Amino acid sequence: MAGQGLPRYRASQLLRRLWVSPIGAWAEATELPAALRAELDRAMPVPHLHSDVVQQSADGTRKYLWRLSDGEAIESVLIPSGSRRTLCISSQAGCALRCSFCATGRMGYRRNLTPFEIAGQVREIILQTPEDKPTNIVFMGMGEPLLNWSAVDVALSILNQPDGLGIGARHITVSTVGILPGMQALAKRPEQFRLAISLHATTTAQRLGIMPIEKKYELAGVLRAAEAFRKRVTFEYVMIAGTNDADADADRLVALARRLGALVNILPLHPGGAPDLTPTTAVDIRRFAGRLRNQGIEVAVRRSRGLDIQAACGQLRVEVERKRKTPAATEGRSS
Ligand code: SAH
C-alpha cells in the first residue's frame with residue numbers, strides 16, 4: 001500500500017478481509033474505494049482453495065476435498081459436537097510416512113502446503129457458511145505437520161492471532177508421529193498450542209511394524225521430547241486387532257501415560273484406511289479403555305465419525321481419484 005502511495009491503514013483493512021471477516025473477492029470489501037477494489041482484483045485477486053467435493057455424513061460430519069492451484073487435492077473434515085465444531089486440517093498433500101493403517105500414507109508424499117493453503121481451509125469454510133466457523137482445529141488431516149514446520153509455524157499464527165482467525169491456542173492441536181526437531185520448535189512457541197502424539201504402540205519393535213518413522217525417531221526419544229514439552233500431551237492410539245490391543249499393551253500404555261501425565265485418545269481403526277487390517281471390536285475397545293481407566297489414566301474413546309463418507313485421513317482423495325479413473329467399473333462395485 002505504501003509503495004502505491006496509499007495510506008498504511010489500507011493494509012490492515014486488506015488483512016482484516018483475509019481472515020477476520022473474509023471476502024471472496026476484493027469487490028466485496030465495500031469499505032474500500034471502488035477504484036482500489038477494482039485494481040486489487042486485477043493485480044492481486046484474493047487466492048482460493050477451489051471446493052471440489054463436499055460430502056455430508058448422516059452423523060453431521062462434513063468432508064471437503066479442496067483442489068489447489070497446481071491441481072493437488074487435500075482434505076478437511078468438519079466434526080460438529082454440541083456447541084463445538086472441530087475442523088481437521090491438512091498440512092501436506094499426501095504424506096511420506098507410510099503408516100500401515102493410513103490411506104494418506106498409501107498415496108505417498110506430493111508436496112508441502114503453504115501457510116495460506118493450511119489456514120485457507122478454515123477461511124473457505126467461513127466463506128461458504130459463516131456459522132460453520134470452527135471452534136477447534138486439529139492438524140489430523142493429510143500429512144505430517146512437523147515435517148512442514150516453516151509453513152505450519154506461520155499458519156498457527158494466522159489461526160490464533162486476533163487479526164487472524166482468532167482461535168484460542170488451547171483449541172488448536174498439532175498431531176505428530178514424533179518428529180523431534182518439530183516438537184522442539186513447537187515447544188519454543190509461547191502460546192499454549194496442544195500436542196498430540198500418534199503413539200499407536202508401546203514398544204519400539206511393535207511400533208516398527210506399523211510406523212516406519214520409528215526407524216528415524218525412536219519411541220524413547222519421542223517420549224523424552226514430549227516430556228520436555230512441559231505442557232500436557234495427548235497420546236493417540238489406534239486400535240488394531242491382534243496388533244496392539246492386548247492387556248499387556250494396555251498395561252505398558254498405562255506406564256507411558258503415567259510417566260507423562262498424558263491423556264489417552266483411543267481411536268477405532270477406520271477400516272477404509274487399511275483394508276488388510278482388522279479393527280478391534282467395540283467390546284474389546286471398551287475392555288482396553290476400562291483397563292487404562294482402572295489404573296488411573298484419563299481416556300477418551302473417539303467415536304468413528306463419517307464412516308459413510310470415507311472420513312478417515314486421506315480416504316476421500318483416494319476414493320475420488322479411483323472413481324474418476326474408472327467410472328464404469330467403480331459404479332458397479334460400490335453399489
Ligand atoms: N501425521 C500426523 C497427523 C495426521 S493423521 C500424525 O500422524 O499424527 C491424524 C491421526 O489419524 C493420527 O493419529 C493417525 O494415526 C490417525 N489415523 C490415520 N489413519 C487412520 C485410520 N485408518 N483409522 C484411525 N485413525 C487413523
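The values are calculated or read from the model by the stated rules, or taken from the named source; none is laboratory data. Since we're looking at a predicted model, the values are computed, not measured. Positions of Cβ are backbone-derived with ideal geometry, glycine not excepted, and every protein chain shown enters the neighbour counts. Calculation scope for accessible area: heavy atoms of the full protein, side chains included, ligands and nucleic acids excluded. Shrake-Rupley method; radii C 1.70, N 1.55, O 1.52, S 1.80 Å.
Over the Cα atoms of the chain, what radius of gyration and what Dmax do you get, in Å?
Cα only, the chain: 21.1, 70 Å (Rg, Dmax).
Please list, ordered by chain and number, the residues whose modelled amide H lies under 5 Å from the amide H of VAL177; skip anything fewer than 5 residues away on the same chain.
Under 5 Å from the amide H of VAL177: SER198.
For ASN112, what is the net charge nearby, where nearby means another residue's Cβ is under 11 Å from its Cβ and Lys, Arg count +1, Asp, Glu -1? Walk me through the intermediate numbers first.
On the way: positive: ARG110, ARG111; negative: GLU72, GLU117, GLU144.
Residues near ASN112 contribute -1 overall.
Would you pull out the residues with amide H under 5 Å of VAL233's amide H, same chain only if 5 or more places away, H placed 1.01 Å from N?
Under 5 Å from the amide H of VAL233: LEU263.
Return a whole-number percent for the relative contact order of segment 1-46, with Cα pairs under 8 Å and 6 or more residues apart as the contact set.
27 percent
Specify whether the C-alpha gyration tensor of segment 1-46 places it in the rounded, prolate or oblate class, a ≥ b ≥ c being the square roots of the eigenvalues: rounded for a/c under 1.5, otherwise prolate if a/b is larger than b/c and oblate if not. Don't jump to the answer; show the numbers that get you there.
On the way: a/c = 1.68, a/b = 1.19, b/c = 1.41.
Oblate, since a/c reaches 1.5 and b/c is not below a/b.
Ignoring ligands, DNA and RNA, what percent of the 1.4 Å accessible area of segment 49-334 is carbon and sulfur?
Percent of accessible area from carbon and sulfur atoms in segment 49-334: 53.
Calculate, axis by axis, the spread of Cα positions in segment 1-90 along the three principal axes, and write the results as whole Å, longest axis first.
If we take the Cα atoms of segment 1-90, the spans are 52, 33, 19 Å.
Using a probe radius of 1.4 Å on heavy atoms only, what accessible surface per residue do you get for segment 121-251? Whole Å² is fine.
Heavy-atom accessible area per residue stands at 37 Å².
Taking the Cα centre as origin and putting +1 on Lys and Arg beta-carbons and -1 on Asp and Glu beta-carbons, what dipole magnitude results for segment 59-206, to the nearest 20 debye?
260 debye
Once the Cα atoms of helix 149-160 and of the chain are each reduced to a long axis, what angle between those two axes, in degrees from 0 to 90 to the nearest 10, is obtained?
Once rounded, one gets 70 degrees.
Under a Cβ-only charge scheme (Lys and Arg +1, Asp and Glu -1), can you give me the dipole magnitude of segment 49-334 about the Cα centre, in debye to the nearest 20? Mind showing how you got there, number by number?
Working: 38 positive and 28 negative charges, 83 e Å.
So the dipole magnitude of segment 49-334 works out to roughly 400 debye.
Taking amide H positions as placed in the peptide plane 1.01 Å from N, state which residues far from ARG111 in sequence (5 or more) or on other chains have amide H under 5 Å from it.
Result for ARG111 returns ALA93.
Please state the relative contact order of segment 49-334 as a whole percent: Cα pairs under 8 Å, 6+ residues apart? Kindly include the intermediate steps, with their values, before the conclusion.
Numbers: 554 pairs, mean separation 48.9, N = 286.
Averaging sequence separation for qualifying contacts and normalising by length gives 17 percent for segment 49-334.
Give the peptides 57-68, 96-107 in descending order of average Cβ contacts within 10 Å, highest first.
Packing proxy ranking, top to bottom: 96-107, 57-68.
By per-residue mean of other Cβ atoms within 10 Å, what is the highest-first order of 285-294, 142-151?
142-151, 285-294
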